[in-house]
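Encoded as structure tokens, the structure appears first; notes follow it.
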Amino acid sequence: MSQNPSPDSKSNALTPALAAGGILAAAAVGLFVLLWLALGNTGMSNAQRLLISLCVPPALLSGTIGAYILIRRPKS
């Protein structure tokens, strides 16, 4: 007789990670749209707007996550 954990215990552990991933995805999409619209008012070409709007949100989110990890890591 095997002692496998119930499937509910695994899904409970994934819930915070799924919520964080959903929030980060929504933030990235929101930043993309915000940058696209804001840069459209500056008279930039569509290629420049697209490149900036695609590259800046992941850079900002990764910098935020990196800072969070550095601040929250245990002191040894």
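The values are calculated or read from the model by the stated rules, or taken from the named source; none is laboratory data. Quick caveat, the model's predicted, so the values are computed rather than measured. We place every Cβ from the backbone using ideal geometry, glycine too, and count neighbours over all the protein chains shown. In case anyone asks, the SASA skips ligands and DNA or RNA and just uses the protein heavy atoms, side chains included. Shrake-Rupley method; radii C 1.70, N 1.55, O 1.52, S 1.80 Å.
Observations, loosely collected:
- Over segment 27-74, accessible surface divided per residue gives 73 Å², non-protein components excluded, 1.4 Å probe.
- Each semi-axis of the equivalent ellipsoid for segment 16-56 is √(5λ) with λ an eigenvalue of the Cα gyration tensor; in descending order they amount to 26, 9, 5 Å.
- In this rough spin-label picture, where each label sits 7 Å from Cα along the Cβ direction, the Ala17-Ile69 distance is 1.4 nm.
- Annotation for segment 28-42 versus segment 50-64: alpha-carbon center distance of 11 Å.
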